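Written below as structure tokens is the structure these notes are about.
Coordinate-derived values only; no laboratory data. Quick caveat, the model's predicted, so the values are computed rather than measured. Quick reminder, even Gly has a Cβ in these numbers, built from the backbone with ideal geometry, and neighbours come from all protein chains shown.
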Amino acid sequence: MSDDLPADAAGLRTLLLQERAEMEKVLAGERAAHERTRQQRDRFKWVLQEMIRRYFGRSSEKIDPSQLNLAFAAVEADQAIVQAEPPSQPKAPRSPSQRRARRLEDLPLLETITIDLPAEEKTGPDGAPLVKIREEVTEEVDYQPGKLFRRRIIRPVYASPAHACPPRIAELPARVIPGGQVGAGLVAHVILSKFVDHLPLYRQEQMLGRLGPTFTRQAMVQWVRHGTLLLQGVHAELVRRARAGRYLQMDETPISLLDPERPGKARNAWLWAIHAPEQKIVAFEFHLTRGHGPPKNLLDGFVGVLQTDGWGAYDTALNALPGHQIVRAGCAAHARRGFVKALEAHDERATPFLVRFGELYAIEAELTSADPAARERARSARSVSVLIKLHQAMTAAAADSAILPQSSLGKAIRYALVRWTELTRFADPGYGHLLIDNNPTERQIRPSKLGLKNWLFVGHPDAGDRPAVLYSVLGTCKLLGVDPWAYLTWALPGLAAASNHTQALFTPDKFPGIKA
């Protein structure tokens, strides 16, 4: 091989550089292969984590990234409230365009209503009967499941032949949308489509456009706004009744809010939920904070049992209410989730604790339809012994040096032991009316999380009360077994004509079609 080497130094240097370049190519290929292996490993790791989250995580956390492109619709609609005119000064109705008028005429006329004057008002001051001179015709677009239709309201106009009085006409009933050409059924359909079926307004604009007239999302946001204003009195009454009971559950959930002080950026706001299981009422309030202020205001004056998770704001709120007569109860589901998390982390020592929780929930499943007295007897006979064994096992585990305090299992045990008195309140004598956990309240929160997947943001702080009011009313309808569309088409016209003193007559429990 020595014969192949160059004899001079320059040749040797050239050969060395060539070999170095070839070595760099080999090393670069190895580095690229290593990087591909690392990326593939990270990809497999991500897929595994995603599968674990989808199989074991809460369904409310499964977010479809493809839905992100829907955000602009809700943002555009909610921000329209800033330019909206106050409800006390409604805009004068605009004359319909030729296109709108032509399309309205194409809709079927399914209903004609005649609103006439009473007989005693058809006589003039001179005693002569008034003569019908014309008819005042008002048309509106309304909705029945699957179709739009026209409703014609005819009001005869009467005049005195001797001109003894001005022409007379019956009053037009109060409208859900002042000065609008929209009936209660269509407003109810838009509200339910967004807050029950989770359809953004831009999708509804497209869907209604296939049925008849083209209604813009800007118009629909005003329908939702007016509907919410009418239902605010119902919402206030639901909150009042819930607080007047003896048992409340509370929870809170974040909701994304565009910050007007930081254009293009979002922040967290909060929907605070109170659930009165005995009265079958759920009510939400919108707040910008997760601190103790909202629960303090909601609980001021409440007397009874408050059931929550372990969020510290509830303790702070009660400490800020000196002399309160509130008994705390805990949520067994939150305690159980800590052990589920430990098991998901492959700590099989969590299994015996989960078996005990399973025994408690099996007993509760048998008591779903039982009255408080029967529930109290069954818990005393069966649940208390399970709780004693569970507490003994947790106490022993807490003293076990093999269970690290910062491990998932250690945290779960500490969470439960610190709150043991509250967690077992449901099995104490005199508390048969309590539930074992806060899951019913979380089920009422779930529609708001599903809605956020589609409409994602509240576009302005002033629009935050809308989901709070509507989720309260619609959630209470669900608890009572009331059809929400039938309720809204009954309540909205009544509320349009109601006073502040009669709004409470239109709560969901007053609906004529409610199940006995």
Separation in nanometres of the label points that stand 7 Å from Cα toward Cβ, at Thr421 and Thr368: 3.4 nm
Shape of the stretch 178-299, Cα gyration tensor, a/c cut at 1.5: oblate
Over the stretch 229-296, equivalent-ellipsoid semi-axes from the Cα gyration tensor in Å: 27, 14, 9
Listed peptides 32-40, 420-428 by packing density, highest first (mean Cβ within 10 Å): 420-428, 32-40
Computed label-point distance, nm, for sites Ala32 and Leu109 using a 7 Å Cα→Cβ extension: 7.7 nm
Gained length - Arg20 relative to Thr216, 0.36 nm times residue gap less alpha-carbon distance: 63.6 nm
Taking the C-alpha atoms of the stretch 318-448, convex hull volume expressed per residue in Å³: 148 Å³
The stretch 186-228 and the stretch 259-318: distance between their alpha carbon centers, rounded to Å: 29 Å
Among 187-199, 347-359, the order from most to least packed when residues are scored by Cβ within 10 Å on average: 187-199, 347-359
Cα-Cα separations in the stretch 150-190 greater than 10 Å, expressed as whole percent: 78 percent
Around Ala396: net Lys/Arg minus Asp/Glu count, Cβ-Cβ under 15 Å: +3
Pair Arg349, Lys132: separation of 7 Å Cα→Cβ label points (nm): 8.9 nm
